[in-house]
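Let me begin by presenting the structure, written as structure tokens, before commenting on it.
The values are calculated or read from the model by the stated rules, or taken from the named source; none is laboratory data. Note that the coordinates shown come from a computational prediction; the quantities given were computed from them, not determined experimentally. Neighbour counts are summed over all protein chains in view; Cβ atoms, including those assigned to glycine, are modelled from backbone coordinates with ideal geometry. The area values use the complete protein model at the heavy-atom level, side chains included, leaving out ligands, DNA and RNA. Shrake-Rupley method; radii C 1.70, N 1.55, O 1.52, S 1.80 Å.
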Amino acid sequence: MVRIAEGRLDGTGKRIGIVVSRFNQTITERLFDGAVDCLLRHGTEKEKIDAVRVPGAFEIAPAAKKLCDTGQYDAVICLGAVIRGQTPHFDFVAAEVTRAVGALAATGGDVVSFGVLTTDTFEQASDRAGGKAGNKGWDAALAALEMANLPIGETGSWE
Ligand code: INI
């Protein structure tokens, strides 16, 4: 008999923090709208969603850590858009936000999900922010809810 534990896609009663960066704001606002839509449609109460805006993707992880450190959130969703330009700057910002949010998530102390686009073009980002490739903000919110409900460690989680 294989024992499987997986989180329910249920936002009822969950307190959720969202960090969204302003750089490439036309994209990031669409990620934000998608994330909020997903949370509301899965039962999270509007009053239990708090959002923090930060300047750019580089600032996302420090703000997410501040939210985690309050101990008030069942999950923190990170949203941003890093789009390749003419210089290597893209690579450094993309690598750093991925590393830093990943390090925060990997502590396992708090649920942290990653909805930061890293694309070559604005069009690719647009496709993934409510365009033909879905909305990665919506997807990040759903992942956050599933992980916030992960039953590992709860009594009888495999029963
Ligand atoms: N920030 C982004 O969120 N996306 C980008 O595409 C981007 N680019 O390409 O430069 C970007 N840079 C700003 C960076 O995140 C910081 O806000 C800035 O360096 C100040 O710390």
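Tabulated values for the structure
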item: Every residue from region 32-48 that is in contact with a helix residue (DSSP H, G or I) (Cβ under 6 Å, 6 or more places away or on another chain) and open to solvent by less than 30 Å² (accessible area, probe 1.4 Å); result: GLY34, ALA35, CYS38, LEU39
item: Identity of the residue in region 1-30, within 14 Å of LEU142 (Cβ to Cβ) and open to solvent by less than 40 Å² (accessible area, probe 1.4 Å), that ends up nearest to the ligand (Cβ to nearest atom); result: ILE18
item: Residue match in region 64-87 (condition: open to solvent by less than 20 Å² (accessible area, probe 1.4 Å), in a strand (DSSP E or B), more than 16 Å from the ligand (Cβ to nearest atom) and at pLDDT 95 or above); result: yes
item: Tally of residues being within 11 Å of the ligand (Cβ to nearest atom) and open to solvent by 30 Å² or more (accessible area, probe 1.4 Å) across region 88-117; result: 5
item: All positions within region 31-63 that are part of a helix (DSSP H, G or I), within 14 Å of the ligand (Cβ to nearest atom) and touching a strand residue (DSSP E or B) at 6+ places or on another chain (Cβ under 6 Å); result: LEU31, PHE32, ALA57, ILE60, ALA63
